[in-house]
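Only one structure is covered here, and it is reproduced in the block below.
Every number here is computed from the coordinates shown, using simple stated rules; none is lab data. Please read these numbers as outputs of a predicted model, since none were measured by experiment. All Cβ positions, even for glycine, are placed from backbone atoms using ideal geometry, and neighbour counts span all protein chains on display.
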Amino acid sequence: MIPETSDLALAEPGAIGPCHVGSDALLGIKRQQTNPTRWNGQSWLEFAAALRDCDIELRENTAACGTFATDAGGTAYGLPHGVVIARSAAQVSPLLKAAQQFRVPVTVRGGGLTTEGESVAFGGVLLDMTGMSRVLHVDTDALTVRTEGGIFWHSLAEELRRHGMDYLSAPLNLTSSVGGTLGVGGIDVNSPRLGCSADQALSVQVVTPRGDIVECSDTQNAELFQRVILGYGQFGVITEATLKIRRYTPLRMHYFYYDSLRTAVEDMQLLNRNDASDYSGILTIMDCAVNLLVAFDSDEREAAFRANWQPHLRGHGEPGFAMCMLRRYALRPWKLPEAWFLYQRKRELFPEFRRSEYMRDGLMYDRTVVFSRAVWKFWGSKQMVIPDLATSAEKFVEAVERGNAVCRSYFPHYTLYMVGIKLRQEHKPHYEMSCIPADAKEWAYGCEFEPMMDGQVYSRDYLQSFKNAIYDIGVELGGSYYRFGGMMKGYIRRVFGDEVVDRHLAMKREADPAMILNRDVIF
Amino acid sequence: MLSFFKKTPAARKSYNDCSGCSLCLLVCPVWRRSRDISLTPHGHAKAMQHGLSAADVAASVEHCTLCMACEPVCPENIDIIGMILELRHQLDTPTWLHDLQARMQERAARPVASAPSFSTMLLPDQALHARADILARIAVLLGSVPISDDDGSDISLALESGTVIPEQRLQRFLSPLRQLKKIIVADGLLLRHLKQWLPKANCIGLGEALSGHADVRRGLRATDLYLIEPRAYHSDYQRLVKHYDRLRVAHGCTFNLDLQRIAIPATARNLPQRLGLAASNDDEQARWVLHGRNITRIVVESLEERAALEKASGFPVVHMAELADDSAQF
């Protein structure tokens with residue numbers, strides 16, 4: 001029996017009711033509300049007084065709270081009762097102790113790039129981690145960096161570059177935070193080789209929900225490390241992290257164009273299986289205009305690719321693909337508006353990836369800047385939904401094709417971004433109940449389905465229906481998702497199963513008795 | 001037909017269009033110092049979206065140093081500087097600027113100079129006025145270009161503080177400039193507005209003018225750290241990023257550019273700090289500019305940044321006008 005929404009609203013924090021959304025449910029079918037219930041503010045004054053006793057600055061004015069009213073998704077809205085800018089673990093610790101004592105929810109926010117309201121506070125205190133953005137130590141011999149958890153990856157890159165270094169793998173987004181990324185995964189176009197960003201963490205300093213400051217790694221407090229990495233912020237606040245780094249190199253870029261999603265995905269997987277490139281990923285303009293990006297750190301790797309693997313790829317170069325498209329639309333003149341869209345998109349997008357200040361002698365410098373700026377310029381919007389599917393290699397083509405069909409039925413224009421993620425067997429405990437699907441072996445594959453809003457404003461119901469339709473595919477395929485928290489948490493039991501979810505819930509209750517930390521994100 | 005394919009510049013947007021991407025934070029010296037989002041364009045935009053007024057964000061808006069770095073990185077093409085100036089305009093004029101209106105009225109009453117017989121003019125800023133030797137050197141380097149007797153410093157101050165500029169004063173300032181083909185401007189904020197007020201004139205920054213001069217370029221070394229003046233650079237970013245990239249390729253020197261090719265200011269002073277009315281601490285910002293640089297000398301476009309760098313670094317700091325070979329020019 002489907003419970004009433006009001007029943008769920010009154011349930012204890014951490015309770016996840018059965019999902020309202022049937023596999024065929026779209027319009028007219030009741031589903032979980034998108035915003036969780038706002039915390040009622042009980043004991044807020046006592047909590048605020050406790051913080052002031054600890055000399056923790058708590059901002060309760062409308063300007064401070066309104067700054068964090070939504071996240072990058074722009075569909076979930078909520079106001080905290082107050083905002084604290086994180087300054088140190090020693091400051092976060094008493095804050096969490098007081099929150100535990102007075103049962104005040106604490107929502108932790110890094111870059112705020114969530115799309116499902118995971119970094120939106122529905123009452124309680126919002127902890128702005130960007131206040132902890134210092135790089136503490138760069139070790140160019142050991143190839144490690146120690147940094148505060150709130151730092152943006154781009155700020156870290158700025159610091160590392162002054163030492164001739166770079167991070168290994170981070171989201172193609174300048175304003176993702178290190179702590180936030182380690183908590184959810186983080187994919188890059190070098191993830192097929194290096195794994196997700198979370199796999200680059202050697203150790204982290206965590207403030208637990210009870211307020212203890214704990215250093216953890218694979219060898220020290222390993223159980224906490226397993227829960228914090230890819231743990232969606234449920235088991236602690238990452239205040240510092242030690243990450244692997246490497247010498248900085250510009251990229252040798254190659255682009256191959258396909259008119260078939262399936263062929264492009266198969267070729268990308270071929271490259272990954274054979275370690276044929278340092279970077280690979282797929283970005284589509286349309287489902288008949290698919291770009292496979294392949295890149296290299298060294299001339300040697302590039303030469304080996306040209307000799308051994310390029311001949312096997314079925315994609316075209318730019319002129320060849322232009323001919324291919326000419327043929328396609330010559331035979332389908334009724335699709336000329338589509339051709340015009342493609343032409344316009346190419347005219348806008350391509351120069352952005354070839355800006356002279358980032359390209360020299362055929363090499364691309366600062367790829368993250370190039371890609372991230374393009375992402376925000378051409379895909380950014382006040383309203384963004386990016387449902388995704390993560391599957392094993394074997395199921396990926398089907399997931400992409402079915403997800404693409406859903407996109408086609410909802411939006412005139414959209415983009416798919418696909419990348420492989422090399423898995424580390426020794427990190428298997430980290431992967432449980434995360435974006436890494438349980439049946440993935442050497443690689444997991446992820447595809448983000450991003451509609452282009454084209455200046456339109458869609459209702460939350462419409463966007464929710466779209467996301468549900470994508471996520472239903474994941475349930476059927478036995479996959480996972482990157483964004484399963486917040487508004488999509490109704491899928492958690494369906495995709496992970498009761499046994500895993502209940503086990504994690506029990507661990508959460510043990511670690512966070514008052515269930516204060518990032519409430520409603522997962523539990 | 002050709003115009004059909006020509007790109008048209010996108011219209012500037014307002015705070016209402018801010019998507020909250022935070023890219024402006026990455027380049028904001030105020031954020032670097034404070035790590036406080038409410039003091040950044042992102043913070044202003046979200047507060048305004050939330051229905052707050054200029055008075056609600058007054059303290060935050062006053063922190064802005066107007067380095068203009070946020071504008072070129074904004075993917076939504078929001079007129080961030082215009083919005084900040086508008087917010088300041090909505091606030092009461094600070095008491096320490098009470099005599100500014102009188103100064104502008106006094107200047108407005110001065111007789112208008114006759115139409116110039118030359119086509120190019122140099123508009124120095126106050127820091128250059130204070131260094132007559134360097135100003136004279138610049139004028140010679142630029143081909144004995146005449147120096148404007150009205151530098152518009154009061155107008156620049158009014159712009160920065162959000163003070164109303166009397167129409168009479170503005171016309172007094174612009175009138176002699178209307179006939180010019182080229183205006184070389186030292187003040188980056190004034191440059192931004194002159195481009196709007198005099199769209200037919202070729203208004204360029206002093207840094208660009210000097211860095212295009214062969215004698216100055218000859219003086220550049222591969223081990224120099226070249227400090228681009230942020231305001232002028234960011235006000236014409238799309239064009240100047242290529243100008244300075246060519247300079248870097250040709251001479252191999254290092255620039256105060258971050259990975260987004262945004263100029264990192266060597267100072268991070270808001271208006272009261274620049275006027276000496278509030279304490280400023282430039283050391284941290286200057287240290288960040290210098291951090292990890294393998295250099296032997298610092299070349300500055302702006303004299304204002306020179307002092308901060310001389311204090312923070314052990315390297316010689318020279319103005320770019322001083323790079324030209326003395327025997328060749330002076």
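Over all pairs of different C-alpha atoms, chain A has a mean inverse distance whose reciprocal, the Kirkwood radius, equals 23.7 Å.
Relative contact order of region B:99-209: what whole-number percent is it, with Cα pairs under 8 angstrom and at least 6 residues apart?
Working: 139 pairs, mean separation 37.3, N = 111.
Reported relative contact order: 34 percent.
Distance from the alpha carbon centroid of region A:307-321 to that of region A:154-210 works out to 32 angstrom. Residues of region A:242-260 with an amide N closer than 16 Å to a point placed 7 Å from the Cα of A:Ser298 along the Cα-to-Cβ direction: A:246-252. The distance from the alpha carbon centre of region B:151-207 to that of region A:77-105 is 49 Å, rounded to a whole number. Counting every alpha-carbon pair across region A:275-422, the share separated by more than 22 Å comes to 51%.
Per residue of peptide B:35-46, the mean number of Cβ atoms on other chains within 10 Å of the residue Cβ is 5. Per-residue ellipticity at 222 nm from helix content only, as computed over chain B with -39500 (n - 2.57) for each DSSP H run of at least four residues, stands at -12000 deg cm²/dmol. For region A:274-364, the list of chymotrypsin sites (Phe, Trp or Tyr not before Pro) that fall in a loop by DSSP and count at most 16 other C-beta atoms within 10 angstrom is empty. Counting only DSSP beta bridges with both residues in region A:67-184, the antiparallel share comes to about 45 percent. Only helices enter this figure: runs of n ≥ 4 DSSP H residues, each worth -39500 (n - 2.57), summed and divided by the residues of chain A, yield -10500 deg cm²/dmol at 222 nm to the nearest 500.
Return the average number of partner chain Cβ atoms within 10 angstrom of each residue Cβ along peptide A:466-476. Could you put the intermediate results ahead of the total?
Numbers: counts 0, 0, 0, 0, 0, 0, 0, 0, 0, 0, 0.
Averaged over the peptide's residues, the number is 0.
Of the residues B:Lys242, B:Lys181, A:Lys489, A:Lys382, the one with the fewest other Cβ atoms within 10 Å heads the list, and the complete ranking is B:Lys181, B:Lys242, A:Lys382, A:Lys489. Plainly put, chain B has a radius of gyration that is 0.95 times its Kirkwood radius, both from alpha-carbon atoms, as the Rg/Rh ratio. Per-peptide packing, taken as the mean over residues of other Cβ atoms within 10 Å, places B:62-69, A:239-246 in the sequence B:62-69, A:239-246 from highest down.
Using the Kirkwood radius over C-alpha pairs as Rh, can you work out the diffusion coefficient of region B:55-100 via Stokes-Einstein at 10 °C, viscosity 1.306 mPa s, in µm² per second? Please report the intermediate quantities before stating the final value.
Values: Rh = 11.8 Å.
Value of D from the Cα-based Kirkwood radius: 135 µm²/s.
Computed over the alpha carbons of region A:343-387, Rg followed by Dmax gives 12.2, 38 Å.
Evaluate Rg over Rh across region B:30-76, taking Cα atoms for both radii and Kirkwood's formula for Rh.
Values: Rg = 10.6 Å, Rh = 11.1 Å.
For region B:30-76, the value is 0.95.
Compactness of region A:407-523 is given as radius of gyration and Dmax, 16.1, 47 Å, from Cα positions. Over every pair of different alpha-carbon atoms in region A:327-369, take the mean of 1/r and invert it; report that Kirkwood radius in Å. Averaging 1/r across every pair of different Cα atoms and inverting gives 12.4 Å. Both numbers refer to the Cα atoms of region B:114-160; Rg and Dmax are 11.6, 32 Å.
In the calculated pair-distance distribution of region A:329-415, the portion above 16 angstrom amounts to 70 percent of the Cα-Cα pairs.
Peptide B:252-261 has a mean of 4 when you count, residue by residue, the C-beta atoms of other protein chains within 10 Å of its C-beta.
Which whole number in µm²/s is D for region B:10-90 by Stokes-Einstein, with the Kirkwood Rh taken over Cα pairs at 20 °C and 1.002 mPa s?
Values: Rh = 12.3 Å.
This corresponds to a translational diffusion coefficient of 174 µm²/s.
Placing unit charges on the Cβ atoms only, positive for Lys and Arg and negative for Asp and Glu, gives the protein assembly as shown a dipole magnitude near 1940 debye about its Cα centre.
Expressed as a whole percent, how much of the Cα-Cα distance distribution for region B:99-209 exceeds 17 Å?
Values: 3184 of 6105 pairs.
Of all Cα-Cα pairs in region B:99-209, 52 percent lie more than 17 Å apart.
Across chain A, the relative contact order, built from alpha-carbon pairs under 8 Å that are at least six residues apart, equals 17 percent.
Expressed as cubic angstrom per residue, what is the convex hull volume of the alpha carbon set of region A:131-247?
Numbers: hull volume 11.1 nm³, N = 117.
Convex hull volume per residue, Cα atoms: 95 Å³.
Restricting attention to the protein assembly as shown, close to 70% of DSSP beta bridges with both partner residues there are antiparallel.
Grab the beta carbon distance between A:Ala142 and A:Arg87, set R0 = 35 Å, and tell me the FRET efficiency rounded to 0.05. Provide the component values of the computation, followed by the final result.
Values: r = 27 Å, r/R0 = 0.79.
The calculated FRET efficiency here is 0.80.
Once you treat every alpha carbon in region B:211-329 as an equal point and sum by Debye, what is log10 I(q)/I(0) at q = 0.18, 0.24 Å⁻¹? Listed by q, the Debye log ratios stand at -0.95, -1.52.
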